[in-house]
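**Student:** The structure follows.
Readers should treat all values here as calculations from the given coordinates under stated rules, not as data from a laboratory. In this text the structure is predicted, and so the values were computed from the model without any measurement. Every residue, glycine as well, gets a Cβ built from its backbone with ideal geometry; the counts of neighbours run over all protein chains shown.
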Amino acid sequence: MENPITRLIGSVLALLLAAATWAQGAEVAGVKVEETARVGEAELVLNGAGVRTRLFFKVYVAALYLPARTADARVAIAGPGPKRVWMHMLRDLDSAALASTLKEGLHNNHSAAELEALEPRIQALTGLLTADKEIKTGTVILLDQVPGQGTSESIASMACAILA
């Protein structure tokens, strides 16, 4: 069974590969995206970055960090090593709405049996997202996956580990 972070990586991968910013870091929608990120003991490289829009509103800048750059979605999702999805919020969002959108995405990409098995982790993640009523502009959300250690999510200074 795939980890929720693996599914999330798959969901944002098309956007990030299409916008492949492999230069020395990037600036996307006025937000500095670093060239590298440290996850655990590993130094990851920027694989791509882009802006998520809803209707005509810019919602967040997302970046994908992997052990090595790739344009192959299968390699990005299933490849070995840690991964990071980095999101920088571009607008204030109701935290319940963001959590609901995340849950909708998970429901669209998992079977009923998979969702049942993932439910404790989904609840932990949505609990983290809804700890505050609003997610403010400038908030950074990190979704890190480290093989053998599970997935951890952090919002600004709050963190929650959800083990696989």
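**Student:** Please list, in order along the range 42-53, the HN-Hα scalar couplings obtained from phi with the Karplus expression 6.51 cos²θ - 1.76 cosθ + 1.60 (θ = phi - 60°), rounded to whole Hz, x for Gly and Pro.
**Tutor:** 9, 9, 9, 10, 5, 9, x, 8, x, 10, 8, 10
**Student:** From the alpha carbon gyration tensor of the range 34-101, can you work out the equivalent ellipsoid semi-axes (sqrt of 5 times each eigenvalue) and give them in Å, largest to smallest?
**Tutor:** The three semi-axes for the range 34-101 are 25, 13, 12 Å.
**Student:** Kirkwood Rh, Cα Rg: Rg to Rh for the range 20-140?
**Tutor:** 0.98
**Student:** Order of 107-118, 53-64 by packing, highest average Cβ count within 10 Å first?
**Tutor:** Per-residue mean Cβ counts within 10 Å order the peptides as 53-64, 107-118.
**Student:** Please give the per residue volume of the convex hull enclosing the alpha carbon atoms of the range 108-150, rounded to a whole number of Å³.
**Tutor:** 120 Å³
**Student:** Now a separate question. Using amide H atoms built 1.01 Å from N in the peptide plane, name the residues 5+ places from V28, or on other chains, whose amide H lies under 5 Å from its own.
**Tutor:** Those lying under 5 Å, H to H, from V28 are V33.
**Student:** Between D92 and N109, what length in nm is gained on full extension when 0.36 nm per residue of separation is reduced by their alpha carbon distance?
**Tutor:** My answer for the length gained is 3.5 nm.
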